[in-house]
1. If you take every DSSP beta bridge whose two residues both sit in segment 26-179, what share of them, in percent to the nearest 5, is antiparallel?
2. Please order Thr285, Thr482 by the number of other Cβ within 10 Å, starting at the fewest.
3. Roughly what would the spin-label model give for Asn224 and Arg295, points 7 Å off Cα along C-beta, in nm?
4. Whose amide H sits under 5 Å from the amide H of Leu386, counting only residues 5 or more places off or on another chain, with H placed in the peptide plane?
5. Points 7 angstrom from Cα along the Cβ direction at Gln212 and Glu165: gap in nanometres?
6. What full-extension length gain, to one decimal in nm, is calculated for Cys257 and Met112 as 0.36 nm per residue of separation minus the Cα-Cα distance?
7. Give me a comma-separated list of calculated 3J(HN,Hα) values for segment 114-125, in order, Karplus coefficients 6.51, -1.76, 1.60 applied at θ = phi - 60°, integers in Hz, x for any Gly or Pro.
8. In nm, what is the difference between 0.36 nm times the number of residues separating Ser323 and Arg501 and their Cα-Cα distance?
Amino acid sequence: MASIITTLSKSKLISKILPRACAVRKFCSEDCGEEKKGLILGIYEGENEEAIFTKSAAKFNDHLGGKLGDLVKKAGADIQKGKAKIFNNIDKEFWSVVVVGLGREKLGYNEMEAIDEGMESVRHGSGLGAQALKREGVTRILVEGMGYPEQAAEGSALALWRYQENKMRQHWKIIPTLELFDDCEAEAFQRGLFKAESQNLARRLSDTPANQMTPLHFAQETVNELCPCGIKVMVHDKDWIESKKMNAFLAVARGSCEPPVVVEISYCGAPADQKPILMVGKGITFDSGGLCLKRCETMSVYRADMTGAAAIIAAIRAASALSLPINIEAVIPLCENMPSGMAVKPGDVVMGLNGKSIMVTDTDNEGRLILADAFVYGQATHRPRLIIDVASLTPGVRAALGSAASGVYTNSQVMWSQVRKAGVITGDRVWRLPLWKFFTRKVTDFRSHDVNNKGWGHGSSPLGAAFLNEFIECVDWIHFDTTGVGFLSEHKIYPYLTQGRMTGRPTRTLIQLLYQLSCPAEGAREIK
């Protein structure tokens, strides 16, 4: 299929990517009649459990003649950190006003927790407030910046998202619009909305049932989302894949009736002579495990085994929306992993694109097979300065880290410092795991073939990374293993991520990382 390039004007681009209105509003704005408006304000914990208003909340309290302060005192412990309290009919302009607890004032970087607690408390508070107002039937939400307008936008926009495409239209829940309240940092707020909307795109792609998100459907969604941003998208069919001799990828794909697809994406934000970053995402649109079948009761969640590909597409769209001065090339292999008479069998040997023979010991370790060919093709075609891949690769990283952080493997200390900083800033943390020769021997020490897709011994996640490392040339490389973070949100640890729905992680960390790499002068500042 031919490449497709579409360019929109700046105004059309913003309306395409950011459907929700973003404006700076004051509490003295005109009344909007029938429209239900809500307001999110923050308070800090002072000494002796005394509440301290943020600047915007204090101004609004003065506007009400101190009424809000009296109500907050009566509420007491109901507005501690991580809690929200709704007050109705206290102002003519707003149907509801919700006050959220932000914890102690001037929270910052916590080295032990590897997170910026001030930013994360604002995400939590704005998310809780947005959900509370939505339950009240509010259709227009104004959010104060709470010192971090970008994070306030992220938390509230992520919290409001719902997957409801398969419900009857009359049963769809109304998603309120978001605006910034009493703050001049409109650009930061809009930037936060861009990031949140990108993660919500990844969540939608991941949550869509597998029969509605086949490889061809996913490719079409990529075209629909990226081409209007002026990003070049090329969709390659099975004949093209065969002509490139991507046999490891084809071995996985042949078990399904759905034809495999390779999507290539080019974002050019820097001069053409600048080497690009190569991004590769695992795109298994449904993973049954192949002949090594998964357990039936948990199989449906593996409709999201393309969460790595979804996060990369969402991150590239955000890079375009933010006009990052960087060149990005992406290679997304897309197929299903299904059992059939044509499926790859345990013990089969296939030839990787770089000439290494691969024994398929476990057909449920299909992700590393399709990524291997994508790595080799991407390096030969684009000569990148850095490779970033994202994949829900192994259950081992979920056992080790749960949903706390993405497991990260990298061959560069400099790149690890950049990834770690990005996770601190976004609150979507990362944790470095070992890329040692100890594990390399366990996937390469075989007499009859070069590489084994399972290896021997314990350590499924390091073994998966060691396998992939065999297909990386002399170039910096970052591998995100997202099995623990990319699927369903199982707990309410993150109030802005709906429990029981896909998370879209680590989209915002990827966006932040791309920003740091594209703007090194700004990205080099220390975490404080």
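1. That works out to approximately 40 percent antiparallel.
2. Thr482, Thr285
3. Computed distance between label sites Asn224 and Arg295 equals 3.4 nm.
4. Leu278
5. 0.6
6. Computed gain between Cys257 and Met112 is 47.3 nm.
7. 6, 7, 8, 5, x, 5, 5, 5, 6, 4, 4, x
8. Answer, rounded to one decimal: 61.1 nm.
Laboratory data are not the source of any read-out in this text; all were calculated from the coordinates shown. Predicted model, so just to flag it, every value in this text is computed and none were measured. Cβ sites come from the backbone with ideal geometry, for glycine too, and all protein chains shown count toward neighbours.
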